[in-house]
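Worksheet for the structure shown next.
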Amino acid sequence: MQSPQSPAGTVAYLAAVGTALPGDPVDNARLAKTLGVNDEWIDVFIGTRTRHFARDLESGEVRWSLADICAQAGERALAASGVAPEEIEFVVMGTATPDHLMPATVNTVADLLGLDQLPTYQLQSGCAGAVQALDLGRTLITGGGYRAGLVIGGDVCSKHLDLDRDLSGAAPSDLVNYVLFGDGAGAAVLTSEPRGHAVAVRRVLNRFTGLGREPGQVIDWFGLADRHEDRQAIREDYKAIEESVPVIAEEILWELLEELEWSAEDVDFLLPPQLSGHMTRRITQQLNLPGSVEVSCVADTGNNGNALPFLQLDALLSKMTQGQRALAVAVESSKWIKSGFALEKS
């Protein structure tokens, strides 16, 4: 079932985006030394050069919470948008790695931003969570009568990694979780009237497509009954992801184009899925939009989940000129969700 279309003449606009990456970039040589693995293997297998961590690699101390970096991103988005905090009427957040089961991290972020007496929503999902948050924010603007809201996405994946574990004999399918991911956050201010960058959100695609399909990734919560079990918090079927994501990405692209009645030649910018440096290059080639400019960041930021679409948007917005169009594609591989969105500069 499709997301509802905007009423005639009603559009949600992206006024500005803000992002936050914790700490200094960690290159492959430093990461490999910490983990006791070969840095050439990271480059060959993943193709990501640097990433950022909210956790200190030497001590294991968590230096920034998810709420901390999401609030930083929110502050930057608000400052860039020209929208005052008191104008914000809702906050929507997508994440796969909340700080706690309760309270919801979105409420801690709202508190840090000085926001009160407004609806808040937290959506738990992987890479599609940012798009789901955008979808809900757009719906609140176009159908709910709200004039301005804050949409946030972020993840702190490093808190799930056991840095004391001996990885010298780990299988690549296990080791990939240590070298693929990073931490980060992003936020966007949505408005009912053109403000700031005044980029119209023309379409959002958000559809579960995992019926009968095994999860590509599982992230566990541990409680008193099971926290001492000998299993990793993160398990990933990288082969299934490698095989399925390019196919799903192509389906998303053409579904969006068909629904928008755009041709491939109408797309000026492509924001492809950001799994890893190598995977992103492969997917972009397969999507085959030679007339579009690719907007990617994962090779420098690592796969930081729900932050990625906002990091791409941050790079995109200053490049778009009047009348230009952009398509973004994101795939949730934990239980398989198609997602994406279309933008047009007013």
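Some observations on this one:
- Test: residue in the stretch 90-98 that is on the phi > 0 side of the Ramachandran plot, surrounded by fewer than 24 Cβ atoms within 10 Å (Cβ to Cβ) and in contact (Cβ under 8 Å) with a residue 60 or more places away in the chain: no
- The number of residues in the stretch 100-125 that are in a loop (DSSP other than H, G, I, E, B), without any contact (Cβ under 8 Å) to a residue 40 or more places away in the chain and of a type outside the set (Gly, Ala, Ser) comes to 8.
- When the test is whether a residue is over 24 Å from residue 340 (Cα atoms) and not assigned by TED's automatic domain parsing to the domain that holds residue 300, residue 25 passes it.
- The set of residues in the stretch 8-22 that are modelled with pLDDT of 80 or more and either hydroxyl-bearing (Ser, Thr, Tyr) or surrounded by fewer than 18 Cβ atoms within 10 Å (Cβ to Cβ) (or both) comprises 10, 13, 19.
- In the stretch 299-319, the residues that are in a loop (DSSP other than H, G, I, E, B) and surrounded by fewer than 23 Cβ atoms within 10 Å (Cβ to Cβ): 318, 319
- Only one entry in 250, 243, 255, 265 is part of a helix (DSSP H, G or I), within 15 Å of residue 338 (Cβ to Cβ), assigned by TED's automatic domain parsing to the domain that holds residue 216 and over 20 Å from the mean Cα position of the chain (by Cα), namely 255.
- Taking the stretch 320-336 as the range and being closer than 24 Å to residue 156 by Cα and in a strand (DSSP E or B) as the test, the residues that pass are 328, 329, 330, 331, 332.
- Search result, residues across the stretch 34-71 that are part of a loop (DSSP other than H, G, I, E, B), touching a residue at least 60 places away in the same chain (Cβ under 8 Å) and out of contact with any Asp or Glu (no Cβ under 9 Å at 6 or more places or on another chain): 37, 46, 47, 57
- The residue of the stretch 79-90 that is farthest from residue 54 (Cα to Cα), among those that are part of a helix (DSSP H, G or I) and out of contact with any strand residue (DSSP E or B) (no Cβ under 6 Å at 6 or more places or on another chain), is 86.
- With respect to being acidic (Asp, Glu) and surrounded by fewer than 21 Cβ atoms within 10 Å (Cβ to Cβ), residue 332 falls outside the description.
- Test for residue 189: is it among the β-branched types (Val, Ile, Thr), part of a strand (DSSP E or B) and either in contact with a Cys (Cβ under 9 Å, 6 or more places away or on another chain) or modelled with pLDDT of 70 or more (or both): yes
- Selection within the stretch 23-71: residues that are surrounded by fewer than 24 Cβ atoms within 10 Å (Cβ to Cβ) and polar (S, T, N, Q). The member of this set that is nearest to residue 156 (Cα to Cα) is 65.
- Selection count, the stretch 149-179, where residues are surrounded by fewer than 24 Cβ atoms within 10 Å (Cβ to Cβ) and of a type in the set (A, V, I, L, M): 7
- Pairs, first polar (S, T, N, Q) in the stretch 313-331, second surrounded by fewer than 17 Cβ atoms within 10 Å (Cβ to Cβ), C-beta under 8 Å, six or more apart: 322/346
- Entry remark, the stretch 192-217: residues being part of a strand (DSSP E or B) and of a type in the set (S, T, N, Q) number 2 in total.
- Residues that are touching an Asp or Glu at 6+ places or on another chain (Cβ under 7 Å) and aliphatic (A, V, I, L, M) within the stretch 241-278 comprise just one, 270.
The values are calculated or read from the model by the stated rules, or taken from the named source; none is laboratory data. Fair warning: this is a prediction, and the values are worked out from it, not measured in the lab. No Cβ is skipped: glycine too gets one built from the backbone with ideal geometry, and neighbour counts run over all protein chains shown.
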